[in-house]
Amino acid sequence: MKRGTTCAVAGGAMIAAALTFGSPERLARLLGWSALRPGWSAKASAERSSTAAPLELPNTLTVKEKAEGWRLLFDGKTTAGWRGFRQQTMPAGWQAIDGALTRVGQAGDIVTADEFGDLELTIDWSLSSNGNSGVLYRVTEDDDVMWHTAPEYQIIDNAYNEPLKPVQYAGANYDLHPPSRDATQPIGSWNRTRLLIQGPHVEHWLNGVKVVEYELWSPDWERRVRESKFKDYPKYGRARRGHIGLQDHGDRVAYRSIRIRDIRN
């Protein structure tokens, strides 16, 4: 659907605001309507803006962050530190453009050169309309498909042009745990993902909201895997250490301010 419809928003004095959307669901989310999807708690746009990625210089670290062990996985200028999944070089379809690591053409998935175990990761992302991607962790390369072994933090336009299951919305542990609510910013805006992984404990945060929490290898997790598309992949989610991966799903997606710190017990 062409995204060109606008609506006027009034509050006290009449303020003209052009809201670009692609479906009634998208418009409802932008206006903060609560009756979107069963079990979802949509908030007002004022609250949504308060949880957006903070205004800061992208791809930088403060003195305090460096002291806390944070480091950048993307310098904002080059693709150094990244390579193609099961490749030695970086595919040309991923490029550093305007301070963002951007999928601009056919490329395939990419991974960090380094591996990580327990970690805290923050990453800002921006999608094209109907875009789809993902951030994967503890990626191993003993299978020819990245998602066969690595859990995925879902990155997607929630107004996708195909019907989505709750476990496919942005922020989900893909195909296993749905996000507790829609905390996304409108398409074209920057969103901030935070991943906390400590042993079996995993948390997904989106724009300051914790949307998913689970325990790897728990009875509940094992049950969900058996009922998911991962049931036929015995190595799925078993690694305790691996690469960070960014998924090429065929759409334009940009990532920046990719920060990580090791968590040591």
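Taking only the Cα atoms of region 158-265, the radius of gyration and Dmax are 14.6, 44 Å. In order along region 129-138, the Karplus-derived 3J(HN,Hα) couplings, from 6.51 cos²θ - 1.76 cosθ + 1.60 at θ = phi - 60°, round to 4, 6, x, 8, 7, x, 10, 10, 10, 6 Hz, and Gly and Pro are given as x.
Electrostatic bookkeeping for A107 treats Lys and Arg as +1 and Asp and Glu as -1; over the other residues with beta carbon under 12 Å from its beta carbon, the sum is 0.
The residues packed around E65, meaning those with a beta-carbon under 13 Å from its beta-carbon, carry a net charge of +2 if Lys and Arg are +1 and Asp and Glu are -1.
Residue by residue, region 102-114 carries 3J(HN,Hα) couplings of 10, 8, 10, x, 3, 8, x, 6, 10, 9, 6, 5, 8 Hz when phi is fed to the Karplus relation 6.51 cos²θ - 1.76 cosθ + 1.60 (θ = phi - 60°); x denotes Gly or Pro.
A simple rule links phi to the HN-Hα coupling: the Karplus curve 6.51 cos²θ - 1.76 cosθ + 1.60 with θ = phi - 60°, which for region 81-97 gives x, 10, 8, x, 4, 6, 10, 9, 10, 8, x, 5, x, 10, 9, 7, 10 Hz, with x for Gly and Pro.
Would you tally the net charge around M146, using a Cβ to Cβ cut-off of less than 12 Å, leaving M146 out, and scoring K and R as +1, D and E as -1? Don't skip to the answer; put the middle values down first.
Numbers: positive: R86, R138, K235; negative: D109, E141, D142, D143, D144, E152, D248.
So the environment of M146 carries a net charge of -4.
Let's test the formula: R0 of 41 Å, r as the Cβ-Cβ distance of E213 and A92. What FRET efficiency results, to the nearest 0.05? About 0.60, to the nearest 0.05. Scanning residues 5 or more positions from G131 or on other chains, those with amide H under 5 Å from its amide H are D157, with H placed 1.01 Å from N in the peptide plane.
Taking 32 Å as the limit for the C-alpha separation, the pairs K210/K231; K64/K229; K66/K210 exceed it in the case of K64/K229.
If each Cα of region 82-228 is one equal point scatterer, what is log10 of I(q)/I(0) from the Debye formula at q = 0.11, 0.13, 0.19 Å⁻¹? Cα-only, vacuum Debye calculation for region 82-228: -0.42, -0.60, -1.34.
Could you tell me the convex hull volume per residue, in Å³, taken over the Cα atoms of region 97-157?
Working: hull volume 7.4 nm³, N = 61.
About 121 Å³ per residue, rounded to a whole number.
With all pairs of different C-alpha atoms in the average, the Kirkwood value for the hydrodynamic radius of region 68-136 is 13.3 Å.
A short reminder: the numbers here are calculations on the coordinates, not readings from a lab. Given the structure is predicted, the values throughout are model-derived calculations rather than measurements. Neighbour counts run over all protein chains shown; Cβ positions are idealised from the backbone, glycine included.
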